[in-house]
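S.K.: The following block contains the structure, expressed as structure tokens.
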Amino acid sequence: MRRRRKRAFTLIELLVVIAVIAILMAILMPALSRAKEAAKTIKCQANLRTLTTAWYAYATDNEDRICGSWNYNGSNWGSPCDWAWAPWQVDGSASVSDYFNATLEQRYEGIERGTLYPYTKSVACYHCPSDKSVGKNFRSYSMPDSLNGWWAKDKPGGTANWKNVLRLTQIARPAEAYVLLEENDPRGYNINAWVIDPTGGVNATKWSDPIVVWHGARSSFGFADGHAETWKWSVETLKLFRDFTTWQQPTPQTTEGIEDLKRTHRGWPAPSQGARIGR
């Protein structure tokens, strides 16, 4: 009795199967990519909620005084109360002189010496998963310099347009005031605090420091009330951020670009009317 031979796939049938698989991959890959990026955005916002919770806890443990927004380097920068220090020698001896080329371990050491680390117990929450500059700018987030930062260096002060916030209870509209945002200094280290043009107040017409865009056309912010959200930028703002160089201070020209700048200024943390400025 003759055995019936098993019929193999023909070349045409194989090509049809391959074509169907290719079509399915073309359909599914963008969706998978979007899902992956959405997961990174969710993780980034979780990081910001962790850090803003730590920021709030530090203030409640220190008689309402908030931590500094600069990066203390042991000498002329900021103060020891800064939230994350500059890159530090792993042996604890001193800060790293060339902070733009510090090792990852030295960057970790600076974070661990900051005032918020005892509340987070992890360096991972200082890094956005969409930030690919792991070998350079590990810390993905910065604080506005009005939060006990650039203008006063732990002392009362500021300018006529932007007053410093030294106490938690001074912040006007905490649900609208951001205390952390994404930054990626092109020099290789997020040095000190994030800055907006302080001379123009709410009528300022130019950017000072850029905001990095890692989530499509959006950037993440952490707010004084503990929540986090993303802001979507206009086409002009995206281009300005993409082409930004240090100290360039570009001026938006379109209605949408100007509104992006104004929204960022409206969210700038400042003391409420009648708040006591100082210690």
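The values are calculated or read from the model by the stated rules, or taken from the named source; none is laboratory data. Source: prediction; values computed, not measured. Positions of Cβ are backbone-derived with ideal geometry, glycine not excepted, and every protein chain shown enters the neighbour counts.
S.K.: Among (1) assigned to a loop (DSSP other than H, G, I, E, B); (2) modelled with pLDDT under 90; (3) over 23 Å from THR169 (Cα atoms); (4) among the aromatic types (Phe, Trp, Tyr), which single condition is TRP70 missing?
M.R.: (3)
S.K.: If GLN106 satisfies all but one of (1) buried (at least 16 other Cβ atoms within 10 Å of the Cβ); (2) closer than 28 Å to ASP225 by Cα; (3) modelled with pLDDT of 85 or more, what's the number of the condition it fails?
M.R.: The single condition GLN106 does not satisfy is (2).
S.K.: In addition: Of all residues in segment 1-37, how many are at pLDDT below 70 and of a type in the set (A, V, I, L, M, F, W, C)?
M.R.: Here the count works out to 5.
S.K.: Sticking with this structure for a sec: I'd like the full set of residues that are within 15 Å of the chain's Cα centre (by Cα) and charged (D, E, K, R), limited to segment 109-135.
M.R.: ASP131, LYS132
The rows are residues; the columns are (1) at pLDDT 85 or above; (2) not in a strand (DSSP E or B).
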| position | (1), (2) |
| --- | --- |
| GLU176 | yes, yes |
| PRO186 | no, yes |
| ASN190 | yes, yes |
| TRP207 | yes, yes |
| THR230 | yes, no |
| PHE244 | no, yes |
| GLN249 | no, yes |
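S.K.: Turning to a different aspect of this structure: Among the residues of segment 56-84, which ones are among the hydrophobic types (A, V, I, L, M, F, W, C) and either more than 17 Å from ASN137 (Cβ to Cβ) or surrounded by fewer than 24 Cβ atoms within 10 Å (Cβ to Cβ) (or both)?
M.R.: Correct list: ALA57, ALA59, ILE66, CYS67, TRP77, CYS81.
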